[in-house]
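The values are calculated or read from the model by the stated rules, or taken from the named source; none is laboratory data. Quick caveat: nothing in here was measured; it's all calculated off a predicted structure. FYI the Cβ positions are ideal-geometry reconstructions off the backbone, even for glycines, and counts take in every protein chain you see. For accessibility, only protein heavy atoms count, side chains too; no ligands or nucleic acids. Shrake-Rupley method; radii C 1.70, N 1.55, O 1.52, S 1.80 Å.
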Amino acid sequence: MRAVSQPTWLFADENGHEARPDRSVEMRGIRESITRWTEDHLGGRPPHTVVIAELYLLCISLLWFLPGFLAPELFGGGNTYPFIIFEYGGVYLLAAVLFGCSAALLFALVRRKAGSGLRVLALAVALVLLYLVPALLAGSMQMILPFYVPGWAYFGLSPAVDVLMSAVISLSGIGLLSLATILPILLIDRYAPMKRPYATAAVLGTLLFPCLTVAIFRIDPVPSLVPWLSLSLSTLSVLCLGVAGAAVLSIPLVVRRLLKGSGNPPQQARIFGLLLLCLLLVWFVPGYLDPGCFLTGYDHSSPNPWLKRCWFVPQGPGDLEYPWSTVPTIEGNYLIDEPCLGGSPLSLSSLSGKVYRTVYTREHTEERYIAEQWWYENERTFRSDKKAALESLTGFGEISETTLDLGDHLRAAGFERSDAEREYPAWLFVGKTTRGYILTYERPFDDGRSNDFFIVYYGTYSTVGPDPDRSLKALIAQRLSPSAIRAPGEGLDEEVRPNRMPEAKPFLYISEMIRYAGILLLTPFLFGCSAALLFAGTLTELETRKRRIVGAIPLLAAVLLFLSLISAYLTGSTWMPIPPFYLPTSEPLGVSTLLDALLNLMIFLSALTLIGLGVIAPYLLLKRHLPLKRPCRAVLVSGTLVFGILIYPLMMMHAVWQGLRPAPWISPFVWMALGFCLAAAWAVVIYAVQAVTGRGGKSP
């Protein structure tokens with residue numbers, strides 16, 4: 001008889017029972033089968049260049065078409081509340097993944113066809129021309145990436161021409177961003193070949209999408225006398241951001257390649273050069289990408305949306321003498337009853353701006369007043385609502401143009417003399433039981449470049465005093481913006497050109513939240529890379545010089561502590577804010593901007609290196625007694641966890657609360673020593689966990 005063969009997936013255990021093989025063996029067999037089938041199907045040849053180009057065009061076309069088609073209301077001034085992430089998160093994720101795929105496909109094309117850098121340069125020039133020419137013809141002054149939204153007229157032309165121009169601008173713009181993303185990968189792959197370069201390009205493109213989206217929607221036109229030069233400069237700024245972001249995200253890959261090596265220890269110059277670069281990025285990137293995360297107080301040049309929603313509604317200073325609910329003026333104190341959630345006495349509920357109301361009671365009297373603000377981010381809607389307000393008020397009372405003399409009130413509020421001597425345009429509304437002033441502001445923030453518009457009403461509320469104008473002027477003077485105030489009737493008959501860029505508020509909201517989360521994750525990971533590099537360099541140096549680890553660690557710690565304290569004492573600091581991130585335009589040390597940045601950098605590099613030494617100390621001291629199989633990788637994980645869980649939030653909380661302040665001369669020393677000890681203690685715990693969970697073993 002013919003013997004029946006045993007199924008390949010069965011085998012007998014030691015008791016003679018049939019059992020399945022290991023799952024990894026089974027999965028390996030599946031992968032090998034798929035690989036053989038792919039090779040047989042393609043004949044061992046990679047995909048043709050035309051196929052890759054077609055897939056690339058398909059990806060960027062879908063990226064232009066799908067977001068606006070799937071959620072057109074996303075770009076029509078939609079909701080910006082947090083639940084929007086869950087409602088539109090799929091559309092956003094799809095767009096990010098499509099951009100990552102386009103970056104990977106363009107990388108495949110460029111890598112295959114670009115034997116030298118000339119072809120890459122030619123491609124970049126062609127994409128720039130394809131982008132700039134139609135965008136300039138459309139009257140753009142900044143980089144735009146308009147998604148296709150049914151029913152929208154971006155350029156005010158015929159629908160067919162409008163869609164065609166939008167497609168040309170968008171597709172070439174996506175190509176430019178993809179090229180900026182892959183340029184660092186092309187350079188790195190040339191000198192340090194990656195194992196999976198296409199997957200790397202796709203992942204980096206997906207990760208960079210939020211940052212690039214924020215840059216495109218938020219960037220202001222670069223001032224220039226020549227319009228096409230302004231457009232070129234704003235486009236170049238976004239592209240440079242893409243190149244820099246891809247380079248920063250590629251650093252961990254370079255670190256991994258360097259530490260893995262080819263069996264020989266890496267050169268010390270490369271290790272310490274990368275270490276310095278990682279430390280510089282940990283210092284520079286968070287404060288540069290999102291300085292608002294690390295600044296306390298209000299940024300009056302460009303406040304956040306939460307502050308804008310009530311910017312021209314007077315509030316108290318919030319100090320020990322006057323809380324936020326008491327507004328001091330030369331007419332007396334005005335007490336905030338509560339934010340008024342009811343309707344306006346002017347019956348202007350039809351206005352579409354974001355409204356905020358507050359009712360005030362003059363102290364020791366029964367007089368009550370109200371301040372109402374409507375905030376707009378679209379000039380056309382702002383103009384339309386001014387017309388609606390004028391028509392509505394005409395039916396309820398008399399409205400007339402007037403000017404306000406706020407001289408003594410402005411001087412009491414701390415304004416300059418030139419501002420106090422001016423007169424400011426307003427509308428005066430007089431009803432049967434109501435009297436008030438309407439003021440309008442245009443672009444009051446960021447030196448007039450912001451897209452913010454305000455309609456503000458100050459008037460009597462239910463009870464009218466003997467001289468209400470004095471009280472109203474006192475309230476107006478508290479939050480006046482002299483450079484941004486405009487006559488309410490200005491521009492009512494002028495036609496506003498169609499907005500060439502959709503607002504995409506939820507899209508931008510999601511981008512900013514993802515970017516913020518990315519910064520919080522990227523910073524600890526960069527510190528983990530610096531700790532791994534410090535470990536590799538220190539270990540190589542100690543083994544080469546034949547020095548004892550027990551004596552070298554305290555000596556190095558003392559040197560780093562000494563360098564940190566010198567810089568701290570030169571600035572007169574009595575505490576050590578770690579990490580003191582680089583904050584553009586800020587002068588936390590009270591000296592010139594350049595000197596401030598240099599002193600800040602000196603403190604930061606030596607202090608952060610000291611914390612890194614605390615992280616690697618257990619791995620240097622315990623490696624003989626409890627060796628790990630991959631010590632460099634273990635140090636990277638340990639440094640990331642220590643910085644992200646302990647040092648990062650702890651130091652930030654201290655920077656905000658300023659809790660630890662011993663004697664002035666010893667405070668920096670105590671704070672630095674505490675950071676070193678905490679980092680070392682947590683590193684010991686993480687080391688023990690890594691060894692116990694099976695990562696231990698003899699070093700190769």
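Some points to look at:
- Residue satisfying all of: in the stretch 418-468; assigned to a helix (DSSP H, G or I) and not acidic (Asp, Glu); farthest from the chain's Cα centre (by Cα) among these: Pro468
- Considering only residues in the stretch 93-104 that are open to solvent by 10 Å² or more (accessible area, probe 1.4 Å) and more than 11 Å from Val203 (Cβ to Cβ), the one that is modelled with the highest pLDDT turns out to be Leu98.
- Some residue of the stretch 330-340 being open to solvent by 50 Å² or more (accessible area, probe 1.4 Å), modelled with pLDDT under 80 and not in a loop (DSSP other than H, G, I, E, B): yes
- Criterion (surrounded by fewer than 12 Cβ atoms within 10 Å (Cβ to Cβ), at negative phi, modelled with pLDDT under 80 and among the basic types (Lys, Arg)) met by exactly one of Arg31, Arg119: Arg31
- For the stretch 39-79, the candidate set comprises residues that are surrounded by 15 or more Cβ atoms within 10 Å (Cβ to Cβ) and at pLDDT below 70; within that set, the residue that is nearest to Ile169 (Cα to Cα) is Phe75.
Every residue, every condition in (1) at pLDDT 75 or above; (2) more than 26 Å from the chain's Cα centre (by Cα); (3) acidic (Asp, Glu), yes or no:
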| site | (1), (2), (3) |
| --- | --- |
| Tyr582 | no, no, no |
| Pro588 | no, no, no |
| Thr593 | no, no, no |
| Leu601 | yes, no, no |
| Leu610 | yes, yes, no |
| Val615 | yes, yes, no |
| Leu636 | yes, no, no |
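- Residue selection: Tyr437 satisfies the criterion of being buried (at least 19 other Cβ atoms within 10 Å of the Cβ) and closer than 15 Å to Leu404 by Cα.
- Residue selected from the stretch 443-475 under the condition open to solvent by less than 50 Å² (accessible area, probe 1.4 Å) and of a type in the set (Phe, Trp, Tyr), by the criterion modelled with the lowest pLDDT: Phe445
- Test set (1) open to solvent by less than 70 Å² (accessible area, probe 1.4 Å); (2) at pLDDT 75 or above; (3) under 24 Å from Phe284 (Cβ atoms) - Cys632 fails condition number: (3)
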